[in-house]
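Trainee: Please read through the structure below; I'll follow up with questions.
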Amino acid sequence: MRERVRAEKKLPNYEFRLPNESKRHRTIRKVGMKIKTFAALRPPVELVSQVGSVPYDTVDTEEARALAAGNPLSLLNISRPEINFPKGTNIYAAQVYEKAVENFGKFRKDKTLVQELRPYVYVYRQKMGSHVQRGIVTCCNVNDYADNVIRKHEKTRQDKEDDRTRHVKMLKANTGPVFLAYRDVAAVDAIVASVEKQKPLYDLVAPDGIAHTVWRVEKDGDRLVAEFARIPVCYIADGHHRAAAAARAGLEMRKANPAHTGNEEYNWFLAVLFPASQLQILPYNRVVADLKGLGIESFVEAIRKKFKVSANASARPSGPRNVSMYLGGKWYGLSWDAPKSADPVSVLDVSYLQNNLLDPLLGIKDPRTDKRIEFVGGIRGTDELVKRVDSGKGAVAFSMCPVTVDQMMAIADAGSIMPPKSTWFEPKLRSGLLIHAL
C-alpha cells in the first residue's frame, strides 16, 4: 500500500514512528501538517503599539484593567471584555461576551483593525535580551488538532475551554494565536532568513522590553505551505485552551452548517509555529502556604528520607534532579539519583518533587485544585519566592530547573500529560498584531 501511494501520488513515504512515541500513537499519513495563508485583520502600523496586548490568559481581570487603562484601543477590551464593567462582574456573563462583540465591531468600523487585501503567511521574530526566536504566523487545521497531528502535553480546564469557545464563536475570530513548536527544518529556516532581509510590516518594542517584528511573506507563502506538509507533527508549546477552544468552535460551527464544504474559515485557527531549537523554557516554581503542622527541623529531616539535602545552596538549581528550597530564611539544595523508569513523565523534576515531597509530606494531592500551592513563572525570578515566604504568604518555596523542549515533545509523542504548571515559555506572543476572521 505504501509503495502504491508513493507511485501514484508522487509523495514521499510518510510512515514513521517518532522518538519515544507509543505504539498507539504511531502515525501513518500521506502528508504532514496542513497550514494555509490567510487574509489577516490587523492594526495600521501607526496603531499597532496601542492595539497589541499580552495574551488574555497571562493576566487576571485587574491586571488586564490596569494594562488597558487610558487605552481604548487595547485588544484587552476584546480579549478580556470584563474590564469594561465594574469590579465583581461575572466574567462569564452574557453581557461580557456581547461587549467583546460590540468592541470588535467598533474596532473594524473605525479602522482600528483593517482587512488585508489578499492572504499571506507571516514571519514573526521576537527578541528578549540576547534570546531570539522566529516563527511562522499561519492558520492550522482543526482536523490536525483532532487527529493528534497537533500534539498536546497538558489537560484543559472545562470552564476556561468553554469561555474561549464561546468567545471564538461569538466574535467569529481567533484574536490570539496558539504557540506551536516543530522539529527544525533547514528549508523553512532558509525562507525565514530571506524574508528577514526585507522591510518589516511591524517593528515595535512592547512595554516589557521585548521586541516584536513581523514581515509579510510576499513570494514564498506557497513554499512554506508545501514545506509544512512534509512535517509530520507539531506540538502545543503554549495555548492549550486557545487550541482546544478554536478546534471545538470550528467543529461546532461545521456541525451547524448543513452546506459545509470544508473550505470555510472556521476549519482553521490562528497559530505561530516555531522551530524547537529556538524556544526558551523558564522554570515554573512552587510556593506552599504551610508545612502541614511540621516544624522547620522536622520537615527538613523528613525530606532527607527521599532527597540529599545541602545547606547554603544557590537559589537556582545547578541542573536536572536538583531543586532549590527556600525555608526559614535559607536556601537548601535537594537532589536525588536518576530514576530507573523510562516513563518520560516520571523522570521530570516536577514529578519527583510532587510524588516524594509535595504529596506525602505536605498533603498536596492535586496541585491543579489545591489552594495551598501557588505557581510562580520563572520570569519573576527567585527574588519573588523569597518575597512571598519572608512576607508570610508562603511557608516554603521551590526553585525548579526548567523542563526541556525535548522532554515536552517526548511526553506528547508518548500520549502522556505533563504535571500542571511544568513549562513557562518566554517570550510570550503579542496578541492583536494579526487576527484570523472566521
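Trainee: Somewhere in the stretch 232-244, is a residue closer than 20 Å to Lys36 by Cβ, in a helix (DSSP H, G or I), touching a residue at least 40 places away in the same chain (Cβ under 8 Å) and within 22 Å of the chain's Cα centre (by Cα)?
Mentor: Yes - at least one qualifying residue is present in the stretch 232-244.
Trainee: Just checking, does the stretch 263-275 include any residue being surrounded by 14 or more Cβ atoms within 10 Å (Cβ to Cβ), within 29 Å of Ser399 (Cβ to Cβ) and touching a residue at least 40 places away in the same chain (Cβ under 8 Å)?
Mentor: Yes, because at least one residue in the stretch 263-275 is surrounded by 14 or more Cβ atoms within 10 Å (Cβ to Cβ), within 29 Å of Ser399 (Cβ to Cβ) and touching a residue at least 40 places away in the same chain (Cβ under 8 Å).
Trainee: Considering only residues of the stretch 189-231 that are in a helix (DSSP H, G or I) and of a type in the set (Gly, Ala, Ser), which is nearest to Met33 (Cα to Cα)?
Mentor: The extreme case among them is Ala226.
Trainee: Identify, from the list Val396, Val403, the residue that is modelled with pLDDT under 95 and either in contact with a helix residue (DSSP H, G or I) (Cβ under 8 Å, 6 or more places away or on another chain) or in the same structural domain as Ile150 (by TED's automatic domain parsing) (or both).
Mentor: Going through Val396, Val403 in turn, the sole match is Val403.
Trainee: Something else now. Go through the stretch 66-87 and count every residue that is under 18 Å from Glu102 (Cα atoms) and either part of a helix (DSSP H, G or I) or assigned by TED's automatic domain parsing to the domain that holds Val168 (or both).
Mentor: Qualifying residue count for the region: 9.
Trainee: Given (1) surrounded by fewer than 19 Cβ atoms within 10 Å (Cβ to Cβ); (2) within 27 Å of Gln280 (Cα to Cα); (3) touching an Asp or Glu at 6+ places or on another chain (Cβ under 9 Å), identify the lone condition not met by Val396.
Mentor: Just one mismatch for Val396, condition (1).
Trainee: Filter the stretch 322-341 down to the residues that are in a strand (DSSP E or B) and among the polar types (S, T, N, Q) and list them by number.
Mentor: Asn322, Ser324, Ser335
Trainee: Checking the structure you have, find out if any residue of the stretch 71-87 is loosely packed, with under 14 Cβ neighbours inside 10 Å and small (Gly, Ala, Ser).
Mentor: no
Trainee: Could you please let me know if Val376 is touching a residue at least 12 places away in the same chain (Cβ under 8 Å), more than 16 Å from Arg388 (Cβ to Cβ), out of contact with any Leu (no Cβ under 6 Å at 6 or more places or on another chain) and outside any loop (DSSP other than H, G, I, E, B)?
Mentor: No: the conditions fail for Val376.
The values are calculated or read from the model by the stated rules, or taken from the named source; none is laboratory data. What you see is a predicted model; the values in this text were computed from it and never measured. When we count neighbours, we look across all protein chains shown, and the Cβ atoms used for this are built from the backbone with ideal geometry, even at glycine.
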